[in-house]
Amino acid sequence: MQENNLNYNFDIDQIMQTIRQEIKEKKLDHVILDFEEIPLQQEMKNQTDNMPFQLDSLQQSMEYLSIRSQIDPYKQPIEGNFLIKFVKKVLRKLMKFYMMPIITEQNALNLHTANAVRQTNQYILSKTESNPINPAELLSRMDALELKQSADRQEIQALRSQIRALTAENEQLRRRLS
């Protein structure tokens, strides 16, 4: 009986040289960016500052969240020669125990976020359908409230005058009794 001795000899220097060559070809930089240096984050920050509510924007975000709520850990196909593919597959297997709980938790968070945005959208739609905003009606209600507020102020002033008069009368009665 012959034993199959599979002897894999890996040349780490050759693997690293191949990886460096791919980095050069793809023009990737080894410098890690800070979050402040990422243009998308600054762009999003500028878009959301002092932005009024827009139902269309909410609906777009809801659709985006619904479509992209699940993260696929193996989305990227493994490319390269046999040796590169083998190393990448081994690395993937070795990192699986660490990455899968994070991805599962992120997927759950994404689903709940998408659901919250969907529920918010439904709430807003139900309120706008049941109570359509009529600017003329709002203006008349505002005028009526301003009149009522003015009348309430006058009534408060009258009550304060009565309180002062009653307090003065009460003080006079106390002096007579003592």
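Here the Karplus relation 6.51 cos²θ - 1.76 cosθ + 1.60, evaluated at θ = phi - 60°, turns the backbone of segment 169-174 into coupling constants of 5, 4, 5, 5, 5, 5 Hz, with x for every Gly and Pro. By the count of other C-beta atoms within 10 Å, a proxy for reagent exposure, SER57, SER130 are ordered fewest to most as SER130, SER57. Under the combined filter of DSSP loop state and at most 16 neighbouring Cβ atoms within 10 Å, segment 54-143 retains these GluC sites (Glu not before Pro): GLU79.
3J(HN,Hα) along segment 149-162: 5, 5, 5, 5, 4, 5, 5, 4, 4, 5, 5, 5, 5, 5 Hz, from the Karplus curve 6.51 cos²θ - 1.76 cosθ + 1.60 with θ = phi - 60°, whole Hz, x for Gly and Pro.
Each of PRO135, LEU145, GLN162 was placed along the dipole of segment 135-178 (beta-carbon charges, centred on the mean Cα), and the one lying farthest toward the positive end is GLN162.
Within a straight-line Cα-Cα reach of under 29 Å, LYS24 can be paired with the following lysines, leaving aside sequence neighbours fewer than 8 residues apart in one chain: LYS75, LYS85, LYS88, LYS89, LYS93, LYS96. Computed from the Cβ-Cβ distance with R0 of 41 Å, the FRET efficiency linking ASP56 to ASP152 stands at 0.55.
Every read-out reported here was derived from the displayed coordinates using simple, explicitly stated rules and does not represent laboratory data. If you're wondering where the values come from, they're calculated on a predicted model, not measured in any experiment. Cβ: placed from backbone, ideal geometry, glycine included. Neighbour counts: every protein chain shown.
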